[in-house]
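Below: the structure, in structure tokens.
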Amino acid sequence: MREVAGKLVYDSLPEVVHPSHTAVVVVDMQNDYCHPEGVTATSGKDTSLLNQIIPPQARLLDAARKAGVKVIYLKNTVAPDLSTYGGGWLYSNLRNRPAGLDGLPLRRTVDGAFGHDIVQALTPEPREHVVRKNRPSGFMHTNLDLLLRAHGVNSIVVTGCVTEGCVLATARDGTFLDYYVTVVRDCVGSANPSLHDAALAIMAASYDMPAAEELAALWAEVPAST
């Protein structure tokens, strides 16, 4: 650690992601984003990049659990009657979706539907928290901040989708709330490669962006009792 403006600040990635104070936040790895029968795929979008990030996430979560790193899931949640959308949010969502109010994209991750579920390969373990959210950021009007602080977490490792949307929003809000933020570069994805790349470039200016294997190796080196 080093002292900056009278405060002690972590000074390396191993310090930032130490299991004693770190949680992995898995953002919106839900069927509607990733599954071939989900809304993203059935709307005609390419979900290959979203599916490519599932195996490294599974390996990362396995390493995290073995090291005692907490794992928290986020689930984007839309009410069946779309009442979770306000006017401004509808306007924003409809700008690039000419299908209109009843178009599939607005009904992505509807509460209780198949598309709302976490993909099977990344199923949460029984004691892991799943936080429902109605906006891109996992921190907006949810109990995520409370859960992290209640468990002594001051550092989050962000994975999931989509890179330019909920991942970016959650990472930035985490920083604004004074968490240390790490984004795992091979564990975030999007159906829009150009926006994915742009979001990675934006986040690289502020965050460590290791690959999953690098983090897993760091956690494997930490004695289980620490």
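A few remarks follow.
- Restricting attention to region 17-30, the residues that are surrounded by 21 or more Cβ atoms within 10 Å (Cβ to Cβ) and either more than 15 Å from the chain's Cα centre (by Cα) or assigned to a helix (DSSP H, G or I) (or both) add up to 1.
- Of all positions in region 183-191, none carries a residue that is out of contact with any helix residue (DSSP H, G or I) (no Cβ under 6 Å at 6 or more places or on another chain), more than 17 Å from Val17 (Cβ to Cβ) and among the basic types (Lys, Arg).
- Scanning region 162-181 for residues that are in contact with a helix residue (DSSP H, G or I) (Cβ under 6 Å, 6 or more places away or on another chain), among the hydroxyl-bearing types (Ser, Thr, Tyr) and surrounded by fewer than 24 Cβ atoms within 10 Å (Cβ to Cβ) gives a single hit, Tyr180.
- Residues located in region 193-211, provided they are surrounded by 15 or more Cβ atoms within 10 Å (Cβ to Cβ) and in contact with a Lys or Arg (Cβ under 8 Å, 6 or more places away or on another chain): Leu200, Met209, Pro210
- From the list His21, His35, the one residue that fits, being within 18 Å of His116 (Cα to Cα) and not acidic (Asp, Glu), is His35.
Read-outs throughout are calculated quantities, based only on the coordinates presented, and are distinct from any laboratory measurement. Nothing here was measured: the structure is a model prediction, and the numbers come from that model. Using ideal geometry, Cβ is built from the backbone for each residue, glycine included, and neighbour counts are taken over all protein chains shown.
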